[in-house]
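Here the structure comes first, spelled out in structure tokens, and everything after it is commentary.
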There are 2 protein chains.
Amino acid sequence: MTNNKLQKGVLFLVGIGPGDHRDMTARSIAVLRNCDVVVGYRRYIELVEPFIAGKEVISSGMTREIERCSTAIAAACRGKKVSLISSGDPGVYGMAGLALEIVEKQKLRHKLAIEIVPGVPVINAAAARLGAPLMNDYAVISLSDLLTPWEVIVKRLTHAAQSDMVICIYNPKSSKRSWQIKEAQSMLIQYRRKDTPVGLARNLGRKGETVTITTLARMLRYKIDMVTVIIIGNSTTTLRAGRMITPRGYKI
Amino acid sequence: MTNNKLQKGVLFLVGIGPGDHRDMTARSIAVLRNCDVVVGYRRYIELVEPFIAGKEVISSGMTREIERCSTAIAAACRGKKVSLISSGDPGVYGMAGLALEIVEKQKLRHKLAIEIVPGVPVINAAAARLGAPLMNDYAVISLSDLLTPWEVIVKRLTHAAQSDMVICIYNPKSSKRSWQIKEAQSMLIQYRRKDTPVGLARNLGRKGETVTITTLARMLRYKIDMVTVIIIGNSTTTLRAGRMITPRGYKI
């Protein structure tokens, strides 16, 4: 008797938070422990190893997102409970959207159940380590022009800068994309003070973590790569006792 | 012999996530369980009651943020381990910034240790329930003009709209602030299609939860209040099988 033929499979889109197990939610841990199959980018799988002993694990390299999604969806359609993991939150530059798109495109909606398990986004975990830079309105922008035209990214950066929102940057640089962060910095410095506080968080919650506070003028002197997120303060962001603080506006 | 005189107190700024215990992080639960004193807005204290049995609890009403912060800081300065709780993430319109500001202003930096414990922001939990609306760049804007001038808020909304970012709205309306969301909707509809998908999440993860998907033209027909967050799609956001999806740009 196989349960699989009787019961619909489930695809869980699981956010594992920035990297430290303590920042995973109770639900994401429970889902990983109770599923049959875990699918994810190799490095993210390593981060959750304590929770997935004995599971079927399907891992793959960078930029294989469509393949990973399709594999996870196929396993769920066979009746399995499948966790497809994303770092941070699966809904912020993670796998949630792509998985939903593929399910719709392939008309598989009725063949599986889908649950999105939110996680602490990397940028919010970075903010906690840097102080309280996101206490006022903020924009979240990816500098990767692999999927979004660079002109669109520049337009968003420009509007965010003009409106004095704090700016959070994902995917600032990779081995193949090195000029985007330089161009972004040159553009932003036209709108914001040179000494605007900037926070850099690399490998947050993981081996080799570095958290740095610098300024808009000096930020390019530090190592920035694809495991770095960046928070650029607004006109009110200050640096106090080594912490970035964007005031909410309370009169104290 | 009192340990309190030997050991520095700690102020933990704890994010408890949207409301459902399963969306709390392992760290936030551990911190609540291990602290001496819990300080928070009455309704948030109720949400974490299972974790704080036997603790000293100091709760107060809305808009008493400065009082709550000061109380929590004072207890930590007396050597206590104190959790000051925020819903969602303490760094997103929560208590982290205010607490850091008060500690600096009162020159208490050396009298206590401070740790910020991030949580799943309410808007990211809302996104997970709505589908995957935040898969591309987004802006997070509070409509409360108690602490930010309305002109600044309108400027940010306008820039966010013009740059085609998804827009996340906190504090859309309260019993004393009812016109702001109407003005915001009138303004946004000048820039975005009337049928732009809009998601409303009320009392997320709490008693009386409602999650609604509607359109920019129709959104004001639904109940909106201070326990509601709103996600307004961009030009590419679609509605499929009752889920909002903002494509990341993958060719599938």
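So how many residues does the range B:149-205 have that are under 18 Å from A:Asp164 (Cβ atoms) and either outside any loop (DSSP other than H, G, I, E, B) or of a type in the set (Val, Ile, Thr) (or both)?
Going through the range B:149-205 one residue at a time, the tally reaches 19.
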Subset of the range B:124-147 that is in a loop (DSSP other than H, G, I, E, B) and over 15 Å from B:Ile181 (Cα atoms) - its residue that is most open to solvent (accessible area, probe 1.4 Å): B:Leu147
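Pick from B:Lys173, B:Lys207: which is touching a helix residue (DSSP H, G or I) at 6+ places or on another chain (Cβ under 6 Å), away from every other protein chain (no Cβ under 12 Å) and under 22 Å from B:Pro18 (Cα atoms)? Lay out the reasoning, then the answer.
Numbers: B:Lys207 fails: touching a helix residue (DSSP H, G or I) at 6+ places or on another chain (Cβ under 6 Å).
Exactly one of B:Lys173, B:Lys207 is touching a helix residue (DSSP H, G or I) at 6+ places or on another chain (Cβ under 6 Å), away from every other protein chain (no Cβ under 12 Å) and under 22 Å from B:Pro18 (Cα atoms), namely B:Lys173.
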Is it true that some residue in the range A:60-74 is within 24 Å of B:Val117 (Cβ to Cβ) and either within 14 Å of chain B (Cβ to nearest Cβ) or modelled with pLDDT of 95 or more (or both)? no
Of the listed residues (A:Ala53, A:Ala30, A:Ala72, A:Ala76), the one being open to solvent by 20 Å² or more (accessible area, probe 1.4 Å) and assigned to a helix (DSSP H, G or I) is A:Ala30
B:Lys155 - would you say it is within 27 Å of A:Val152 (Cβ to Cβ), at the interface with another protein chain (Cβ under 8 Å from one of its Cβ atoms) and of a type outside the set (Asp, Glu)? yes
Applying the selection to the range A:29-55, what residues are in contact with an Asp or Glu (Cβ under 9 Å, 6 or more places away or on another chain) and within 11 Å of another protein chain (Cβ to nearest Cβ)? A:Val31
In the range A:94-123, which residue that is in a helix (DSSP H, G or I) and open to solvent by 10 Å² or more (accessible area, probe 1.4 Å) is farthest from A:Ser28 (Cα to Cα)? A:Lys105
Within the range A:234-252, the count of residues that are modelled with pLDDT under 95, surrounded by fewer than 19 Cβ atoms within 10 Å (Cβ to Cβ) and in a loop (DSSP other than H, G, I, E, B) comes to 6
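The values are calculated or read from the model by the stated rules, or taken from the named source; none is laboratory data. This structure is a prediction, so every number in the text was calculated from the model and none was measured. Because the Cβ atoms are built from the backbone with ideal geometry, glycine has one as well, and the counts that use them run over all protein chains shown. Each accessible area value is taken on the protein alone, full model and side chains, heavy atoms only, with ligands, DNA and RNA left out. Shrake-Rupley method; radii C 1.70, N 1.55, O 1.52, S 1.80 Å.
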